[in-house]
1. Could you tell me the convex hull volume per residue, in Å³, taken over the Cα atoms of the chain?
2. What residue among Gly93, Thr166, Thr19 has its Cα farthest toward the positive end of the dipole of the chain, where the charges are +1 on Lys, Arg and -1 on Asp, Glu, each on the Cβ?
3. Can you work out D for segment 90-198 in µm² s⁻¹ from Stokes-Einstein, where Rh is the Kirkwood radius over C-alpha pairs, the temperature is 10 °C and the viscosity is 1.306 mPa s?
4. Cα-Cα pairs above 17 Å in segment 26-83: how many percent?
5. Karplus couplings for segment 70-87 from phi (6.51 cos²θ - 1.76 cosθ + 1.60, θ = phi - 60°), rounded to Hz, Gly and Pro as x?
6. Rounded, prolate or oblate: which fits segment 126-171 when a ≥ b ≥ c are the square roots of the eigenvalues of the alpha-carbon gyration tensor, with rounded for a/c under 1.5 and prolate only if a/b beats b/c?
7. Kirkwood hydrodynamic radius, segment 152-284, all distinct C-alpha pairs: what's the number in Å?
8. So which lysines pass the test for Lys236, namely a Cα distance under 26 Å, with those fewer than 8 places away in the same chain ruled out?
Amino acid sequence: MSQMENAGAVSEVGANTVTVIGLGLMGSALAKAFVEKGHSVTVWNREPARVEPLVATGATGAPTPADAVRSSGTVVVCVSDYDAVGDVLDAAGEALAGRTLVNLTSGTPEQCRQAAARVQEAGVTYLDGAIMAIPPFIGQPQAMLLYSGSKSAFDENQALLESLGTGIYLGEDAGLAALYDLGLLCSMWSMLMGYFHAAALVGTENVSAAEFTPLVSGWLTGLIGFLPQVAEEIDKRDYATDVSKLAASAAGLEHLVHASQAQGIGVDVVAPIKDLIDRGMKAGYADESLSALMELIRQPAPSS
Ligand SMILES: NC(=O)c1ccc[n+]([C@@H]2O[C@H](COP(=O)([O-])OP(=O)(O)OC[C@H]3O[C@@H](n4cnc5c(N)ncnc54)[C@H](OP(=O)(O)O)[C@@H]3O)[C@@H](O)[C@H]2O)c1
């Protein structure tokens, strides 16, 4: 089918239509939310057994990715990774031309930009998305979804995408949503790893995680209130402090590593933090605030 013929087909599909390709845990939640918000939903999944539960809720199953794509002007893809995205795009072929692809598969900024370039060459409008929620929250306002890529695609599909949760548009660069996604996940993973180590440390004296956690929650809540001030230090690259010096954190990390070893637990989480602080001390930031470590973190990784 030529692009011209296919573009004609796009104008014939109903306004309220959407196709979902990939019905894993997340794709199924997305398709279900679209159905519940009254959209006409076509679905395809590589393993056909995953289609039936969605059809039972009111979606229509399509026999091939190309057929699924032809049913709607907007096509949402949510599969495991970018190899799978490539397989789906290969299978959809020219059917995608003239349509909007909303790719909600997690990846790196580079992978998103490559996917955008690939489909844009084929006449497809590309919007990338990162889902900052787990499947049970999809369809509720507290589910946050980050988008980047075509602004017009975001604007035109805003009502449709609101079926999934609260959407935040970040900019025309298709890689931005993935960049923010990784940034937010980095904050979460680092915080949880610190909490895991802390729970292990107090656990050496038979303090349960449940007993310890209310103190952690209160402590972290206070810390979050302090983040805008830290952000200002980072953005201005001005780390002067009359509150707490890097040297104090260096002493604290020394205690933490020794205490962890003395209490009989590993230092996998805390040793790299100590190493970074020690490098900051050697680099001359002893009297500056902890955020001076940004000057080291911003450096490229040493080549191995
Ligand atoms: N689950 C979450 O909490 C969550 C949260 C945020 C973001 N995400 C992101 O959402 C995406 C999907 O995650 P998920 O939890 O739904 O994973 P999942 O349950 O493992 O589902 C993976 C999906 O990808 C499909 N797939 C894999 N390889 C394929 C290929 N070569 N060709 C066509 N389809 C292929 C699978 O099809 P088959 O059924 O045929 O195997 C299935 O539909 C991932 O990028 C993930 O990072 C997930």
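1. Given the Cα convex hull of the chain, per-residue volume reads 179 Å³.
2. After comparing all options, I get Thr19.
3. 108 µm²/s
4. Working: 514 of 1653 pairs.
Tail of P(r) above 17 Å: 31 percent of Cα pairs.
5. Karplus values, whole Hz, x for Gly and Pro: 5, 7, 9, x, 10, 10, 9, 10, 9, 10, 4, 7, 6, 5, 5, 4, x, 5.
6. It is prolate, given that a/c is not under 1.5 and a/b is the larger ratio.
7. One over the average 1/r among Cα pairs gives 18.4 Å for segment 152-284.
8. Lys245, Lys274, Lys282
All of the numbers you see were taken from the coordinates with simple rules; none came from a lab. Please read all numbers here as calculations on a predicted model, not as lab measurements. All Cβ positions, even for glycine, are placed from backbone atoms using ideal geometry, and neighbour counts span all protein chains on display.
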